[in-house]
Every structure is written in structure tokens, then in C-alpha cells.
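Shown next, in C-alpha cells, is the structure this report addresses.
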Amino acid sequence: MKREVQTRVTEAARYILKTGATVRACAEAFGVSKTTIHKDMRERLPSINPGMARRVDAVLRKNREERHIRGGQATREKYLRRRKA
């Protein structure tokens, strides 16, 4: 694996652990696609740092479990903004 890729993977993992970011937010912060971040965290990180991979997986699992709540909040805010306009 290229050094550049390893660096990106570990930096993205640190970012997720530090901020609790979603895959989408992490991808935006690093200027790559959601698919790239997902592949980095699921396939590449375990071979680089298994312990960090387990911690990142816990954060991503939590985000996945809360995703329906975030979607509902976003929809609510959207309609509240429309009502005010």
C-alpha cells in the first residue's frame, strides 16, 4: 500500500475518532468520496492498525444506528425554514 494512502487512512480514522464524524462528513473534510472513506475504514485500516479499526467501527456503527434520527431532524428543519420564508 502506498505511503500516501496509509497516511490518509490513519488521518481519516483519527478525525472520525476525535469528532465522531459520519462517513459523509469525513469524506467532505478530506476531499474524497464516501466510497473511498468507507473502503479505507473497512478494508485498509484493519491491516494498518487493527485496534484503531475496532474503535472507528464502533463510531461508524453508532452513526449508522442514529442515521434515521438525523434524517428526521433534517426534514423537520427543512419544513420549519420553508414556513418562515
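Could you check the stretch 1-29 and list, in sequence order, the residues that are more than 25 Å from Ile69 (Cα to Cα), of a type in the set (A, V, I, L, M, F, W, C) and open to solvent by less than 90 Å² (accessible area, probe 1.4 Å)?
Val5, Val9
Kindly provide the set of residues from the stretch 52-72 that are over 19 Å from Ala12 (Cβ atoms) and open to solvent by less than 100 Å² (accessible area, probe 1.4 Å), ordered by number.
Glu66, Ile69, Arg70, Gly71, Gly72
So how many residues does the stretch 30-44 have that are open to solvent by 80 Å² or more (accessible area, probe 1.4 Å), in contact with a helix residue (DSSP H, G or I) (Cβ under 7 Å, 6 or more places away or on another chain) and not basic (Lys, Arg)?
1
Out of (1) open to solvent by less than 40 Å² (accessible area, probe 1.4 Å); (2) over 13 Å from the mean Cα position of the chain (by Cα), the odd one out for Ser47 is which?
So the condition that Ser47 fails would be (1).
From the list Arg54, Arg70, which residue is at pLDDT 85 or above and out of contact with any Phe, Trp or Tyr (no Cβ under 7 Å at 6 or more places or on another chain)?
Arg54
Going by the conditions given, is Arg24 in contact (Cβ under 8 Å) with a residue 24 or more places away in the chain, among the charged types (D, E, K, R) and in contact with a helix residue (DSSP H, G or I) (Cβ under 9 Å, 6 or more places away or on another chain)?
no
Being over 13 Å from Thr10 (Cα atoms) and outside any helix (DSSP H, G or I) is the filter here, so list the residues in the stretch 26-51 that pass it.
Within the stretch 26-51, Gly31, Val32, Ser33 qualify.
The values are calculated or read from the model by the stated rules, or taken from the named source; none is laboratory data. These figures come from a predicted structure and were not determined experimentally. Glycine also receives a Cβ, built like all others from the backbone with ideal geometry; neighbour counts cover every protein chain displayed. For accessibility, only protein heavy atoms count, side chains too; no ligands or nucleic acids. Shrake-Rupley method; radii C 1.70, N 1.55, O 1.52, S 1.80 Å.
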